[in-house]
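S.K.: The structure's right below; bear with me while I get my questions together.
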Amino acid sequence: MQQKISFSTYAIIGTMLFGMFFGAGNLIFPIQMGQLAGTNFWPALIGFLTTAIGLPFMGILAFGLSGSSGLRQLAGRVHPLFGVVFAVALYLTIGPFFAIPRTATVPFVVGFEPYINPAHGSLYLGLFSFVFFAIVYYFSLNPAKIIDYIGKYLTPAFLVFLFLLIIIAIVKPMGQFQNPTGDYSSLAFITGFKEGYNTMDALASLAFGIVVIQAIKGQGITNTKEIAKATWKSGIFAMVLMMLIYGLITYMGASSVSAIGSYDNGGLIFAAVAQHYFGSFGNILLAIIIVLACLKTSIGLITACSEFFNGVFPKISYKWFVLILCLVSFSIANFGLTNIIQFAVPVLMLLYPLAIVLILLTLCSPLFGHKQSVYAAAMFFTFCVSIFDGYSALVDSLPSAALSILESIKLLYMDYLPLYNIGLGWILPAIVGVVIGLFWPATAKKTAVQ
């Protein structure tokens, strides 16, 4: 008989989960949204929380309820080959190609670059990222200790410094909310909803699922139902904490315009707020917050990716993958933050709708008897739209990548596909895919993995 799990265990696992999710991107996007949304604070925040909180929680819950051992098995409900391809693409995206390098470049750009000679920027970025990934490498070598590293030490330290800044902003607000700007004037909810994509947390939830399950098993929980129970309880703890912090950071941004003015990105807004309240000490405080936020997220990502690739290629040890991923991430980080973001957005626009549909299908799977044709048809029709979302984002960054035949198809989508113009064109095709999958004749007695 398994010992009853204490609340403190749920809290530690939940804190670890929060720590892995909440990186620098989670700081800079809501504060900028607050500035832009102004008096439309609430609809923008609710939209943001829907994708930045709701989807990641459902992703973690999908793992706990499905009993899947990892993303490869979960995505394999569509087709075994899709399970491998999608899992590899997602782990590379939130791993060494984009998200992990960003964990080094963001703290450098926000916390250090403003104070160094631009002529030496590349040299200092190389030195900073080398030290950063050396620390990440050391802490990622022993995945069994990840709860201690992130849940007990790094996350509480990060929260102490962050709440110091937030509490001051609440006690001594900088000013009144200003009028909303841009799309926040008329489409605050939808704009906030899409802004939540930038956190990448729905994708991360599919990658972190294996880490959470292993952490729960490390507490002596092996029964599938008990793992599911521990997963959703720990997930609720993490998501409530994230919701609280998102709301406070968005408020801080919304009240800051009259005091510090508007800025092009959330990193600069955070720097200006810290400078406003603490002067030169604010720069040090911000650097500590950003470094801790990125360090703990990077450790979680390296651990999750190494666990996954070790499972796909078992002949290469976990420790070797930690080293390889750290070296690749270090190399890509030195291309600079702007280049990383430029090429990450098209991939995110391609993968995000697929991840959302996979999560929703997994949660609703008992309703359609885990029928594989439902998974396959829904994902196929979603892909037919999301690939053009990715293409459009790529053309926005690199106009030379435009192809006339693809432009013609995109115009067709814009004219006839509902919600396509606001980035949600994949919803109707996904529903159509579900309906087709439900009525697709069963040619073999095979269903998705339950």
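The values are calculated or read from the model by the stated rules, or taken from the named source; none is laboratory data. All values reported here derive from a predicted model rather than from experimental measurement. Neighbour counts run over all protein chains shown; Cβ positions are idealised from the backbone, glycine included.
S.K.: Does any residue of the range 284-291 turn out to be in the same structural domain as Thr39 (by TED's automatic domain parsing) and touching a Ser or Thr at 6+ places or on another chain (Cβ under 9 Å)? Spell out the reasoning first.
M.R.: Taking the range 284-291 and keeping what is in the same structural domain as Thr39 (by TED's automatic domain parsing), we get 284-291.
Then keep just the ones that are touching a Ser or Thr at 6+ places or on another chain (Cβ under 9 Å); that gives none.
No, the range 284-291 contains no residue that is in the same structural domain as Thr39 (by TED's automatic domain parsing) and touching a Ser or Thr at 6+ places or on another chain (Cβ under 9 Å).
S.K.: Continuing with this model, one more query. Considering (1) farther than 28 Å from Ala344 by Cα; (2) at pLDDT 90 or above; (3) part of a helix (DSSP H, G or I), say which one Pro156 fails and leave the rest.
M.R.: Here Pro156 meets the rest and fails (2).
S.K.: Of the conditions (1) closer than 16 Å to Ala355 by Cβ; (2) in contact with a Ser or Thr (Cβ under 8 Å, 6 or more places away or on another chain); (3) in a helix (DSSP H, G or I), Phe82 fails just one. Which one is it?
M.R.: Here Phe82 meets the rest and fails (2).
Conditions tested, residue by residue: (1) more than 18 Å from Leu428 (Cβ to Cβ); (2) in the same structural domain as Leu74 (by TED's automatic domain parsing); (3) without any contact (Cβ under 8 Å) to a residue 24 or more places away in the chain.
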residue: Ser365; (1), (2), (3): yes, no, no
residue: Phe381; (1), (2), (3): no, no, no
residue: Ile387; (1), (2), (3): no, no, no
residue: Ser397; (1), (2), (3): yes, no, no
residue: Ser404; (1), (2), (3): yes, no, yes
residue: Lys410; (1), (2), (3): no, no, yes
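S.K.: Being within 20 Å of Glu307 (Cα to Cα), within 15 Å of the chain's Cα centre (by Cα) and crowded, with 20+ Cβ neighbours inside 10 Å narrows it down to one residue among Phe133, Phe98; which is it? Write out each step before concluding.
M.R.: Working: Phe133 fails: within 15 Å of the chain's Cα centre (by Cα).
So the residue among Phe133, Phe98 that is within 20 Å of Glu307 (Cα to Cα), within 15 Å of the chain's Cα centre (by Cα) and crowded, with 20+ Cβ neighbours inside 10 Å is Phe98.
S.K.: How many residues are of a type outside the set (A, V, I, L, M, F, W, C) and more than 23 Å from the chain's Cα centre (by Cα) when one looks only at the range 101-130?
M.R.: First, pick out the residues of the range 101-130 that are of a type outside the set (A, V, I, L, M, F, W, C): 101-103, 105, 107, 111, 113-115, 117-118, 120-122, 124, 126, 129.
Checking the rest, the ones that are also more than 23 Å from the chain's Cα centre (by Cα) come to 113-115, 117-118, 120-122, 124, 126.
Residues that pass the stated criteria total 10.
S.K.: Tell me the residue from Lys315, Lys319 that is basic (Lys, Arg), in contact (Cβ under 8 Å) with a residue 24 or more places away in the chain and on the phi < 0 side of the Ramachandran plot, please. Quick ask: steps written out before the conclusion?
M.R.: Details: Lys315 fails: in contact (Cβ under 8 Å) with a residue 24 or more places away in the chain.
The unique qualifying residue is Lys319.
S.K.: Tell me which of these Ile284 doesn't satisfy, since it passes every other one: (1) among the β-branched types (Val, Ile, Thr); (2) under 18 Å from the mean Cα position of the chain (by Cα); (3) under 26 Å from Val131 (Cβ atoms).
M.R.: The number of the failed condition is (2).
S.K.: May I ask you to verify whether Thr297 is in contact (Cβ under 8 Å) with a residue 24 or more places away in the chain, in a helix (DSSP H, G or I) and within 18 Å of Val110 (Cα to Cα)?
M.R.: yes
S.K.: For residues that are at pLDDT 85 or above and either outside the structural domain of Pro173 (by TED's automatic domain parsing) or outside any helix (DSSP H, G or I) (or both), tally how many sit in the range 231-278.
M.R.: Result for the range 231-278: 4.
S.K.: If a residue has to be of a type in the set (Gly, Ala, Ser), crowded, with 20+ Cβ neighbours inside 10 Å and at pLDDT 95 or above to count, how many in the range 316-354 make the cut?
M.R.: In the first step, residues of the range 316-354 are kept if they are of a type in the set (Gly, Ala, Ser); the result is 317, 329, 331, 333, 336, 344.
This time we only want the ones that are crowded, with 20+ Cβ neighbours inside 10 Å, so: 329, 333, 344.
Subset that is at pLDDT 95 or above: 329.
Qualifying residue count, the range 316-354: 1.
S.K.: Further question: For the range 1-73, please list each of the helices (runs of 4 or more DSSP H) lying entirely inside it that holds at least 3 residues being modelled with pLDDT of 90 or more.
M.R.: Working: elements: 7-21, 24-37, 41-49, 55-66.
Hits in the range 1-73: 24-37, 41-49, 55-66.
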